[in-house]
Amino acid sequence: MSVKEWEPKIVAFLCHWCSYAAADLAGVSRFSYPPNVRIIRVPCSSRVNPQFVLRAFAEGADGVLVAGCHLGDCHYVKGNYYARRRLWVLQRLLEFVGMEPARFQVHWISGAEGAKFAETIKEMVDKVRILGPNRLFQEVKDICVG
Amino acid sequence: MRGLTEALRELAYRLLREGEVELFLGYSWGTLPLVVRPCFATRPEQVEAFIFNPLCLPNLVKYLLRFEGRRVAVVVKKCELPSFRQLLADRNLERKKIRLVVAPCGGLLDPAKLQKEFSGQPLEFIADRGKEYVVRVGEEEKVLAKQLYLYPRCFSCPQKDEDLEPEDIRLEFSTSLPSLEVDPYAGVSYLEERPAEERREFWDRVFKRCIRCYACREVCPACSCHECCFDPPLPGWQRTVDWMSKAHWLPEIYQYHLTRALHVAGRCGECGECERVCPVKIPLMLLVKKLAKEIQSLPGVEPGILASYSPDDPEPH
């Protein structure tokens, strides 16, 4: 088996009403962006429990992106305000345990911003590619002895 | 400090005999020297076991959950009042049925540090002289400087007991802890200033020790959910997500500790029980204090801070 070159693996939680539509628009408008991103649709950015992010990292993601509507434009009026506070705290915590800030990003991307979506993904993949595979949270998966 | 113990026993005796409470929750000597354990008395004749001294480390307020709806008196120290209030709010406990007995505490002593010094001989506490305790070891009287033996969390002693109900009892005893003026976030600031690589190595090292015994969750007064995301879900059609395997695997140890820190963020009373019960001595209070520090910088700080927002919140990057 040939050894495949490492590629960054990004998990993106996109809000159904804005950022997922932006991803759709990016596709329809034929903007190209790297295929390293795995999109997960959530009803709102505030649906993203910090555990989702931690789980993604534990399962081997090299970067996690959360994207939602612009503040004030939330379909559920104030969901992204809640998300903003929670995810800001999560970012502080991840940095405290030694994670590089670029690995976990939060962006507000509206449904009309297909180009911004493609750009965001491109930038993030570039940054994570420079950082290399995520080493925090990682350990060789082996059977525990004793 | 025999007077304090006597006063406590007298109080417990009176409350139990007159039927004012059904249960009195306090401390008694454990089976090992210098180790104190919780003690539950339901009959007046059981009060002889109660003690109170600077080795009474455990936070008893979580035991209140086992006796919900019953009239209980519980011995607390000043530093445990925030965790008590949080528990009361989280679980909607009936305050009328709970009688707090606030014990005068002049600072707790670290049994580990004493163990080295006295190699397991029983201690009798005689008096509190502000900066030092007078103890009797065998026949000898000795002076213990608090500065040397103080339990770590006492360096940031809150020194106040507010918001008590009129029925609550303050035990009177001359005891004092001089203000030590230690920055409670000193450890956090130190680690924050280290390079990211060093922080990562530090957490890798301490989390590798974790055996996922969940003692930190069991003891935590802020972790009082009926269903916990770290437990396997109940079988049946309402089965929810299995968040965690049972494997001893570093990624999940990280996930566990960071999730737990976030779950108690803003609700933690900083009683330090998680750190005390940890069998592998993981400095869990560092995580909790880091979050407390960050949350304090948020606009409009109030309890349950992560369940609210402010339009002026900082922007994540």
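The values are calculated or read from the model by the stated rules, or taken from the named source; none is laboratory data. What you are looking at is a predicted structure, and each value in this text was computed from that prediction instead of being measured. Cβ sites come from the backbone with ideal geometry, for glycine too, and all protein chains shown count toward neighbours. These accessible areas exclude ligands, DNA and RNA; they are computed on the full protein's heavy atoms, side chains included. Shrake-Rupley method; radii C 1.70, N 1.55, O 1.52, S 1.80 Å.
Just a few scattered comments:
- Every pair of residues 6+ apart whose Cβ atoms lie under 7 Å, when the first sits in the stretch B:240-259 and is within 24 Å of B:LYS290 (Cα to Cα) and at the interface with chain A (Cβ under 7 Å from one of its Cβ atoms) while the second is outside any helix (DSSP H, G or I) and among the small types (Gly, Ala, Ser): B:GLU252/B:SER245
- With respect to the conditions (1) more than 7 Å from chain B (Cβ to nearest Cβ); (2) closer than 20 Å to B:ARG200 by Cα; (3) touching a residue at least 12 places away in the same chain (Cβ under 8 Å), A:GLU100 falls short on a single one, namely (1).
The rows are residues; the columns are (1) open to solvent by less than 50 Å² (accessible area, probe 1.4 Å); (2) modelled with pLDDT of 95 or more; (3) assigned to a loop (DSSP other than H, G, I, E, B).
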{"residue": "B:GLY3", "(1), (2), (3)": "yes, no, no"}
{"residue": "B:LEU25", "(1), (2), (3)": "yes, yes, no"}
{"residue": "B:ARG37", "(1), (2), (3)": "no, no, no"}
{"residue": "B:PRO54", "(1), (2), (3)": "yes, no, yes"}
{"residue": "B:GLU80", "(1), (2), (3)": "yes, no, no"}
{"residue": "B:PHE84", "(1), (2), (3)": "yes, no, no"}
{"residue": "B:ALA89", "(1), (2), (3)": "no, no, no"}
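- Filtered residues of the stretch B:78-133 (kept if of a type in the set (A, V, I, L, M), touching a residue at least 60 places away in the same chain (Cβ under 8 Å) and within 18 Å of B:CYS223 (Cα to Cα)): B:LEU81, B:LEU87, B:ALA89
- For the stretch B:12-22, a residue qualifies if it is surrounded by fewer than 20 Cβ atoms within 10 Å (Cβ to Cβ) and either within 14 Å of B:GLN46 (Cβ to Cβ) or free of Cβ contacts under 8 Å to residues at least 12 places away in the same chain (or both), and the qualifying residues are B:TYR13, B:ARG14, B:ARG17, B:GLU18, B:GLY19, B:GLU22.
- Candidate set from the stretch B:294-316 (those that are out of contact with any helix residue (DSSP H, G or I) (no Cβ under 6 Å at 6 or more places or on another chain) and facing another protein chain (nearest Cβ under 9 Å)); member that is farthest from B:PHE202 (Cα to Cα): B:PRO311
- Selection count, the stretch B:191-247, where residues are of a type in the set (A, V, I, L, M), closer than 20 Å to B:GLU275 by Cα and surrounded by 17 or more Cβ atoms within 10 Å (Cβ to Cβ): 4
- Among the residues of the stretch B:262-308, the ones that are outside any helix (DSSP H, G or I) and under 20 Å from B:ASP90 (Cβ atoms) come to 13 in all.
- Per-region count, the stretch A:35-61, residues in contact with an Asp or Glu (Cβ under 9 Å, 6 or more places away or on another chain) and either under 18 Å from B:HIS317 (Cα atoms) or of a type in the set (Gly, Ala, Ser) (or both): 1
- Scanning the stretch A:103-135 for residues that are small (Gly, Ala, Ser) and within 14 Å of chain B (Cβ to nearest Cβ) yields a count of 1.
- Screening B:ARG153 against (1) part of a loop (DSSP other than H, G, I, E, B); (2) touching a Cys at 6+ places or on another chain (Cβ under 7 Å) leaves a single unmet condition, (1).
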